[in-house]
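> Supplied in structure tokens, the structure appears directly below.
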Amino acid sequence: MLKFSVLFSLILCLVSCVDLSKNNQISELSSLSKRVDNIQQEFELLKKDTISEIIYAMNETSEKIKANIGEDTLTVQIARNLDAYKKIYRKLTSIEAYDEKFLFGSQDIKNSIEKLTNDIQKGSGDREKYDEFLAFEKSKVVELEKLLKDVKKLQGESIETFKKIHPAITSFADQLSAK
């Protein structure tokens, strides 16, 4: 009888440890899923803030300049500003190009997290590798966070430069079209 109760206690202890590990893994996956949701929302807000409006304003001003520019109308400063303008435009349009990649990538991570959560809950798949899979999903979320940080920095720098030079470029374009 004593052997049976020791064996039963040992089995009960092992089962409770497995459940504890399972609950911790599911909790971590839930946390990762929320982080991905937050990253997606932050990216959407970042995108909506001003990029499209700035690109539109830049296109209008550039078209006005192209339609009215002559060979003798550029000063060195205006030429530098126009060069900076082109660089800003490329940076901001590259951020817009990230849109699809970012959204598909984040959705792919969410799907992987959901699949791993389901596997852990059901106890299916390679159970010994759940921690490995969890670590892999964490690394993907960290990379997504780094990408968001880089996009934020790129956008911030571009908007700051835009605000500095846009009035001069717009004024130049208006002077050209007034001639």
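> For the structure I just gave you, tell me whether S171 is more than 28 Å from the chain's Cα centre (by Cα), farther than 24 Å from S30 by Cα and assigned to a helix (DSSP H, G or I). Give the derivation first.
Numbers: more than 28 Å from the chain's Cα centre (by Cα): yes; farther than 24 Å from S30 by Cα: yes; assigned to a helix (DSSP H, G or I): yes.
Here the answer is yes, as S171 does meet what is asked.
> Can E71 be described as modelled with pLDDT under 80 and of a type outside the set (A, V, I, L, M, F, W, C)? Can you show your working first?
On the way: modelled with pLDDT under 80: yes; of a type outside the set (A, V, I, L, M, F, W, C): yes.
Criteria met by E71.
> K110: among the basic types (K, R), free of Cβ contacts under 8 Å to residues at least 12 places away in the same chain and assigned to a helix (DSSP H, G or I), yes or no?
Details: among the basic types (K, R): yes; free of Cβ contacts under 8 Å to residues at least 12 places away in the same chain: no; assigned to a helix (DSSP H, G or I): yes.
For K110, the condition - among the basic types (K, R), free of Cβ contacts under 8 Å to residues at least 12 places away in the same chain and assigned to a helix (DSSP H, G or I) - is not met.
> Here is a follow-up. Which residues, taken from the range 152-171, are out of contact with any Lys or Arg (no Cβ under 9 Å at 6 or more places or on another chain) and crowded, with 16+ Cβ neighbours inside 10 Å? Break it down stepwise before answering.
First pass over the range 152-171, keeping only residues out of contact with any Lys or Arg (no Cβ under 9 Å at 6 or more places or on another chain): 152-153, 156, 159-160, 162-164, 166-169, 171.
If the condition is that a residue be out of contact with any Lys or Arg (no Cβ under 9 Å at 6 or more places or on another chain) and crowded, with 16+ Cβ neighbours inside 10 Å, then I159, F162, H166, I169 are the ones that fit.
> Take the range 113-134 and flag every residue that is surrounded by fewer than 19 Cβ atoms within 10 Å (Cβ to Cβ), in a helix (DSSP H, G or I), without any contact (Cβ under 8 Å) to a residue 60 or more places away in the chain and of a type outside the set (K, R).
Listed by number, the residues that qualify are N118, D119, E128, E132.
> For the range 158-179, what are the residues that are at pLDDT 90 or above and among the charged types (D, E, K, R)?
E160, K163, K164
> Here is a list: Y56, Y98. Which entry is touching a helix residue (DSSP H, G or I) at 6+ places or on another chain (Cβ under 9 Å) and assigned to a helix (DSSP H, G or I)? Spell out how you get there, then give the answer.
Working: Y56 fails: touching a helix residue (DSSP H, G or I) at 6+ places or on another chain (Cβ under 9 Å).
Answer to the selection: Y98.
> Considering each of K47, K34 in turn, give the residue that is under 24 Å from L148 (Cβ atoms), among the charged types (D, E, K, R) and modelled with pLDDT of 90 or more. Before you say what the answer is, go through the steps one by one.
On the way: K47 fails: modelled with pLDDT of 90 or more.
Within the list K47, K34, the selection yields K34.
> Further, regarding this structure: Identify the residue in the range 94-108 that is surrounded by 12 or more Cβ atoms within 10 Å (Cβ to Cβ) and hydrophobic (A, V, I, L, M, F, W, C) and, among all such residues, is nearest to the chain's Cα centre (by Cα).
F102
> OK, next. Could you please let me know if E137 is modelled with pLDDT of 90 or more, over 19 Å from D99 (Cβ atoms) and surrounded by fewer than 14 Cβ atoms within 10 Å (Cβ to Cβ)? Lay out the reasoning, then the answer.
Numbers: modelled with pLDDT of 90 or more: yes; over 19 Å from D99 (Cβ atoms): yes; surrounded by fewer than 14 Cβ atoms within 10 Å (Cβ to Cβ): no.
Criteria not met by E137.
The values are calculated or read from the model by the stated rules, or taken from the named source; none is laboratory data. Keep in mind that this is a model prediction, so the values were computed, not measured. A quick note on method: Cβ atoms are made from the backbone with ideal geometry, for glycine too, and the neighbour counts reach across all protein chains shown.
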